[in-house]
Each structure stands twice: as structure tokens, then as C-alpha cells.
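A.B. asks: Dumping the structure here so I can ask a few things about it.
Every number here is computed from the coordinates shown, using simple stated rules; none is lab data. All values reported here derive from a predicted model rather than from experimental measurement. Here the Cβ positions follow ideal geometry from the backbone for every residue, glycine too, while neighbour counts run over all protein chains shown.
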Amino acid sequence: MDEFSVLKRYIEQTLKIQCSNYKEDYIKRRLLSRMRSTNTATYDDYLRYVKAHEQELELLRNALTINVTEFFRDQDVYDILKKEVLPDLFRKRKKIRIWCAGCSTGEEPYSLAMILSDMMAANKELSVQIYATDIDEVVLGKAKEGIFQAKAMAKLSEAQIHRHFTVLPDGNYQVKPHLKEMIRFRPHDLMSGIPAARFLDLLTCRNVTIYFTEHQKDELALMFNSALASDGYYVMGKTEYLGRLVENLFVPYNSLQKIYTRKT
Ligand SMILES: C[S@@+](CC[C@H](N)C(=O)[O-])C[C@H]1O[C@@H](n2cnc3c(N)ncnc32)[C@H](O)[C@@H]1O
């Protein structure tokens, strides 16, 4: 087995990240960036380095799973969700189910929870269950904790901060319990083929699949399709797209904002 394959096997066994489902180029680029930072010249050298330096494993996990996110990322998408999609769902039923797949440190599910909290305050009969999942348990831990630095709050209004966050003595902001109670954070690998929840009214998987192979993206679209309720909505990242083999499973609702409904 060549050096690269040996390193990949080590990553799959130790970090439980299925490298073969990601584009090879992508894995190589991420590895090279860690090799530069650790002054290692070959995949072999790097493998020896990881084995000898336990803390490198976490850095490697971070490099492979890129966790960048923010509150109300792509505001236009949230505007449509708030004005059209969520009201449509609540017109049909009083309790809705949402899955945020690849939620990173939680800004995406918390953004949805803020919108929903305001809607539910205006009508006490409404309720929601949000499942928020990620493969990376470190970011999930942060999401559950719900503590954010002041710079993460830039897109939030004063009113939103006041309603949904507590300012901590160190200047950070903590999500209030009424938002946390709406969300169940759980580890989940999107490549497992098994949905983290079913009968979903809304499924968001945004900025997660850009590094997945075409085959893996198609598998995911099939899995998502089976997890959605017959009239459920699916939201992708702005730069993501449905492959030709699976695009007939969904009907565009707002093509620009990458919002689809399930085709029955
Ligand atoms: C760039 S973040 C996107 C966060 C958020 N959805 C957003 O759009 O702001 C991508 C997330 O996908 C997660 N991820 C990558 N591969 C995954 C997999 N196979 N299963 C579940 N999550 C995965 C990463 O851990 C990371 O937290």
C-alpha cells in the first residue's frame, strides 16, 4: 500500500472520517496544509508525527472538516424561510420537524431557532423540534455550550441579542435556554446512509457537501429525499447543486436561494 493510502487508512480508523467519500484532491490539499504546519515532508513523515503528537489529531480533524459558519449566513435564504417557508409549514401543521445537517458550532440551527421563537411567541399553539448534527464532536460540544464571542454577533440586531442571549462576565454571549430547548445536537456522519431524523418538514444541509464526491452527493440527496415529509423543504448551500441523477427527486421552490421541495 502506498504512503497516502496508509495515511488515509489511519485517518479512517482513528478519526472515523471516510476519506474515500471526499474528493482525493481535497484530502491531499488539507493534508499538505497540515504537513506544512508540522514541517513534515512526506505522508510517511506526517503519519509518524501524528502518532507521536496526540494534539495533532484534533488539528487534522479540523483541517479535514472545515467548520466555518456564522449566524444568518446568506441572509436572503433566511428571509425566504422566515417570510414564506416556515409560515407555509405552520399553516399546514402546528408542530414542525427540522434537521440541520452539518451544523458546525450551531449558528445555523440557532439562527432558525431565533426566527421560530419569535413566530411561536406570537402563537402559543406552534412548536418545533430541531435536530442539529455534525460529524465533528468538538464543534458539536461548542454548539451545545452555545457561547459565542462578540465578533460572532455582528449580524444580529440589538433586539435579537437582548431576547436570545445573556452577556457573560468575560464579554462573551451565551444562548438562552429557550433557544437551546428547541434543538437536539447529536453526532452524525452524513456518509452513514442513515438519516438522523425522518418525517422532516425542513432539512438544511448547507456548505457541507462541496468536498464530497459526485457519487456521495447523489447518495446524500437520495437519503435526504427519503427523510423528508412528502411536502418537506430542502435547503442547500448557495454554491451547491443537485446532480443530474437526483435533480428529478426535488422541485425548485427558489432556485437562486437553493430551496427545493420534495417531489412526490
Ligand atoms: C463549513 S461547515 C457548514 C456549517 C453550516 N451548515 C453553514 O452553512 O454555515 C461544514 C460542516 O460540515 C461538517 N461535515 C463534514 N463532513 C461531514 C459528514 N460526513 N457528516 C456530517 N458532517 C460533516 C463539518 O464538520 C463542518 O462542521
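A.B. asks: Could you look through region 96-139, keep only residues that are part of a strand (DSSP E or B) and of a type in the set (D, E, K, R), and pick out the one that is nearest to the ligand (Cβ to nearest atom)?
C.D. replies: It comes out as ASP134.
A.B. asks: Can you name the helices (runs of 4 or more DSSP H) wholly within region 7-72 that have at least 3 residues being in contact (Cβ under 8 Å) with a residue 40 or more places away in the chain, within 16 Å of the ligand (Cβ to nearest atom) and under 22 Å from the mean Cα position of the chain (by Cα)?
C.D. replies: Answer list for region 7-72: 54-65.
A.B. asks: So which residues in region 208-242 are surrounded by fewer than 16 Cβ atoms within 10 Å (Cβ to Cβ), in contact with a helix residue (DSSP H, G or I) (Cβ under 9 Å, 6 or more places away or on another chain) and under 25 Å from LEU31 (Cα atoms), if there are any at all?
C.D. replies: ILE210, THR213, HIS215, THR239, listed by residue number.
A.B. asks: Kindly evaluate LEU245 against the criterion of being surrounded by 18 or more Cβ atoms within 10 Å (Cβ to Cβ) and either among the hydrophobic types (A, V, I, L, M, F, W, C) or more than 16 Å from the ligand (Cβ to nearest atom) (or both).
C.D. replies: Taking the combined requirement at face value, the residue does not satisfy it.
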